[in-house]
Amino acid sequence: MASSGTRRVDGEGLRERKKRAMRRQLSDTAARMFVEHGFDAVRVADVAAACGVSEKTVFNYFPSKEALVLDRLEPLAEALRTRLADPALPPVAAMLKILDEERRALAATLTDARGADAALAGYRKFGDLIRENPSLRAYQNDLADRFVDVAAEALATRAGLRPADPEPQIAAVALLGLWRMHYRALRVRLQPGQSVEEALAAAAGDVRSAASLIESGLAAFPAHSGAVE
C-alpha cells in the first residue's frame with residue numbers, strides 16, 4: 001500500500017515535517033479503511049474522525065477522496081522532472097532508473113518486520129481496490145495523463161523543443177507505457193507463496209524486455225537541439 005514511515009527530508013523545518021507526517025497519516029489510514037470496508041462505504045468524514053481531525057483538514061491536504069488513495073503516485077512526477085531532464089541519461093535509461101527506485105522501495109515494504117505474507121496480501125488488496133472501483137481507475141488514468149505532460153515537458157526542455165512537439169509527446173507516451181507495464185508485471189509476478197526477491201527480479205526482467213522494443217527508437221531522441229524559437 002502506501003510507503004511505510006515518514007523519513008526526514010534535508011533542510012525541512014519542523015512545521016513541514018509535521019505537515020508531511022499528517023499527510024502520510026491521512027493517506028495510510030484512508031488506504032487501510034478503504035481496503036477493509038470498501039471505497040464507497042467509507043466517507044472522508046470517517047477518515048478524518050479516525051485521525052482525530054476535521055473533514056476540512058483532510059481536504060486541505062487532498063483535493064478529493066480519490067487522491068487519498070493514490071497519493072503514493074505523486075512522487076513520480078518529481079522523479080520524471082529530475083531524471084528525464086538529465087541530458088546525460090538516455091530517456092529509456094532514465095525511466096528504468098525511476099522504476100528501479102520504485103521497485104527497491106516496494107521491496108523494503110514487502111520485507112518489513114510484519115512479515116512478507118501480510119505485506120504482500122496488503123499490496124494485492126490495495127491493487128484490487130483500485131482496479132475494482134471505476135472512480136479510482138478514472139483518477140489513476142487522469143494522473144497518468146498528467147505524468148505524460150510532465151515527461152513531455154522535461155524531454156522538451158533537454159532537447160530545446162516545445163512540449164507539444166511530436167517528438168517529446170510520443171517519447172513521453174512510450175516511457176509512461178513502461179510505467180504501466182511495470183505495475184502489470186508486479187501484479188503478475190508477486191504471488192502468495194513465492195519469493196518476493198525472485199518475483200521482483202522477474203518483473204524487472206519483464207520491464208527491460210519491453211524497454212528493448214522502444215530503446216532503439218528513443219535513442220535517436222536529441223540530447224539538445226538548440227533553444228526553442
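Bear in mind these aren't lab numbers, they're just calculated from the coordinates by the rules spelled out. All figures in this text were calculated on a predicted structure; none of them were measured in a lab. Neighbour counts are summed over all protein chains in view; Cβ atoms, including those assigned to glycine, are modelled from backbone coordinates with ideal geometry.
Computed from the C-beta positions of Leu213 and Glu101 and an R0 of 25 Å, the FRET efficiency is 0.65 to the nearest 0.05. Can you work out the Karplus-derived ³J(HN,Hα) for every residue in segment 82-90? Use 6.51 cos²θ - 1.76 cosθ + 1.60 with θ = phi - 60°, whole Hz, and x for glycine or proline. Karplus-based 3J(HN,Hα) across segment 82-90 equals 6, 6, 6, 7, 7, x, 6, 10, x Hz. For the pair Asp86 and Lys18, label points projected 7 Å from Cα toward Cβ lie 3.6 nm apart.
Using a simple spin-label model with pseudo-atoms 7 Å out from Cα toward Cβ, Val173 and Arg124 lie 3.5 nm apart.
Each of the trypsin sites (Lys or Arg not before Pro) that DSSP puts in a loop and that has at most 12 other Cβ atoms within 10 Å breaks the chain; the longest unbroken stretch is 115-229.
Helical content alone sets the calculated 222 nm signal of the chain at -24000 deg cm²/dmol, taking -39,500 (n - 2.57) per DSSP H segment of four or more residues and averaging over every residue. Around Leu143, with a cut-off of 12 angstrom between Cβ atoms, what is the net charge of the other residues, counting Lys and Arg +1 and Asp and Glu -1? That works out to -2.
For the chain, a simple Cβ point-charge model (Lys and Arg +1, Asp and Glu -1, everything else neutral) yields a dipole of about 600 debye relative to the Cα centre. Taking amide H as placed 1.01 Å from N in the peptide plane, Leu161 has no amide H partner under 5 Å among residues 5 or more places away or on another chain.
The HN-Hα couplings worked out from phi for segment 123-137 by the Karplus form 6.51 cos²θ - 1.76 cosθ + 1.60 (θ = phi - 60°) are 4, 5, 5, 5, x, 4, 4, 5, 5, 8, 10, x, 5, 6, 5 Hz, whole numbers, x standing for Gly and Pro.
When the charge dipole of the chain is built from unit charges on Cβ atoms (+1 for Lys and Arg, -1 for Asp and Glu) and taken about the Cα centre, the candidate among Gly205, Ala174, Ala41 whose Cα reaches farthest toward its positive end is Ala41. For the options Val173, Val207, Val188, a Gaussian network treatment of the chain with springs between C-alpha atoms closer than 10 Å singles out Val188 as fluctuating the most.
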